[in-house]
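The values are calculated or read from the model by the stated rules, or taken from the named source; none is laboratory data. Keep in mind that what you see is a predicted model, and the values were worked out from it rather than measured. For neighbour counting, all protein chains shown are included, and Cβ atoms are generated from backbone atoms with ideal geometry for every residue, glycine included. Side chains included, ligands, DNA and RNA excluded: accessible areas come from the protein's heavy atoms. Shrake-Rupley method; radii C 1.70, N 1.55, O 1.52, S 1.80 Å.
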Amino acid sequence: MSNQTPHGKGEAKVLKALVWAAGIITMAVLLVIVLTVLINGLPHIKPSLFSIHYNTKNVSLFPAMINTLTMVGLSLLFAAPIGIFSAVYLAEYAKRGSKFVAFIRLTSETLTGIPSIIFGIFGMLMFVDACHMGYSMLAGALTLALMILPVIMRATEEALHAVPDSYREGSFGLGAGKLRTIFKIVLPAATPGILAGVILGVGRVVGETAALIYTAGTVAQIPKNIMGSGRTLAVHMYSLWTEGMNVDQSYATAVVLLVVVIILNLISDLIAKKVNKANQ
């Protein structure tokens, strides 16, 4: 039997209505965006868009698709290990309440809020000019790694904090050391949260344009190596749109970009489920 007063029941109904309204609005906005992209893009997806080499007639997006996957891989290669191990230090080794830890958290949160155009200018001055990398995939990947590093680090730290202390105490009780406990018990239990941070980072890499225009360039071909310039799908879509002559193909590129993001998310979700199953 409920002990709620009539006033409390009224508040609960209002809160429930607000929650439902927020959920419906979110779904409606997402649906409108996806439908707009699909309606305008699907009719213009043709085999010529997937030609290996780009030219002004086929406006192929295939090189941009390969460059996007390369950029995601390179960015994660630089950012994921540093982000995850930094979070391990902050969550498992650093003294709680330390000013140093608070400073790192404040720095990472500040980096998260910096506009991507500033990262692009920094990347151009640091990697393109000072390090003599030129407009290249490597310069773009290093810049994007700086952007997603705080995202991965904060998500990993939160995931590690969410692991119950009883897991650690049980492992210590069985005679395991701290390092073994972290790698065999804590990190596997935190894998879904860590992957969520990685997915957020991948989403930012895939959708980034401003930072890459300043660092990776806009060449619409697959570079021979990571020191060559290349454009990703988002930059390709932006370039086609701003040129004004291939707006339909720009919408088609948006459809492919959506599919790539969905596939990457499904792969991450599959990995998380397999890790969870292996830990059970």
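Residue by residue through the range 110-126, note down the ones that are in contact with a Ser or Thr (Cβ under 7 Å, 6 or more places away or on another chain) and open to solvent by less than 30 Å² (accessible area, probe 1.4 Å). Answer for the range 110-126, where residues must be in contact with a Ser or Thr (Cβ under 7 Å, 6 or more places away or on another chain) and open to solvent by less than 30 Å² (accessible area, probe 1.4 Å): 119, 120, 123.
Within the range 1-43, restricting attention to residues that are of a type in the set (S, T, N, Q) and assigned to a helix (DSSP H, G or I), the residue that is surrounded by the most Cβ atoms within 10 Å (Cβ to Cβ) is 40. Scanning the range 143-184 for residues that are surrounded by fewer than 19 Cβ atoms within 10 Å (Cβ to Cβ), among the charged types (D, E, K, R) and touching a residue at least 40 places away in the same chain (Cβ under 8 Å) yields a single hit, 178.
Can you spot a residue in the range 211-222 that is open to solvent by 30 Å² or more (accessible area, probe 1.4 Å), under 19 Å from residue 118 (Cα atoms) and touching a residue at least 24 places away in the same chain (Cβ under 8 Å)? Yes - at least one qualifying residue is present in the range 211-222.
Of everything in the range 259-280 that is open to solvent by 60 Å² or more (accessible area, probe 1.4 Å) and of a type in the set (A, V, I, L, M), the residue that is modelled with the lowest pLDDT is 278. If you check 160, 125, 106, 187 for being of a type in the set (A, V, I, L, M, F, W, C) and closer than 21 Å to residue 216 by Cα, only one passes: 125. Give the residues of the range 185-195 that are in contact (Cβ under 8 Å) with a residue 60 or more places away in the chain and within 18 Å of the chain's Cα centre (by Cα), sorted by residue number. Of everything in the range 185-195, those that are in contact (Cβ under 8 Å) with a residue 60 or more places away in the chain and within 18 Å of the chain's Cα centre (by Cα) turn out to be 191, 192, 194, 195.
Just one of (1) in contact with a Phe, Trp or Tyr (Cβ under 9 Å, 6 or more places away or on another chain); (2) farther than 28 Å from residue 195 by Cβ fails for residue 120. It is (2).
Residues that are of a type in the set (Phe, Trp, Tyr) and either assigned to a helix (DSSP H, G or I) or in contact with a strand residue (DSSP E or B) (Cβ under 8 Å, 6 or more places away or on another chain) (or both) within the range 111-159 comprise 119, 122, 127, listed in sequence order.
In the range 197-206, the condition of being crowded, with 17+ Cβ neighbours inside 10 Å and either among the small types (Gly, Ala, Ser) or more than 15 Å from the chain's Cα centre (by Cα) (or both) is met by at least one residue.
Restricting the search to the range 45-60, which residues are without any contact (Cβ under 8 Å) to a residue 12 or more places away in the chain and open to solvent by less than 60 Å² (accessible area, probe 1.4 Å)? Selection gives 51, 58. Condition check for residue 63 on (1) surrounded by 18 or more Cβ atoms within 10 Å (Cβ to Cβ); (2) over 23 Å from the mean Cα position of the chain (by Cα): one failure, at (2). Restricting the range 128-137 to residues that are over 13 Å from residue 213 (Cα atoms) and touching a helix residue (DSSP H, G or I) at 6+ places or on another chain (Cβ under 9 Å), the residue that is surrounded by the most Cβ atoms within 10 Å (Cβ to Cβ) is 133.
Of the helices (runs of 4 or more DSSP H) entirely within the range 172-280, those holding at least 1 residues that are over 30 Å from residue 90 (Cβ atoms) occupy 210-215, 233-243, 247-279. Of all the criteria given as (1) within 30 Å of residue 118 (Cβ to Cβ); (2) surrounded by fewer than 23 Cβ atoms within 10 Å (Cβ to Cβ), the one not satisfied by residue 245 is (1).
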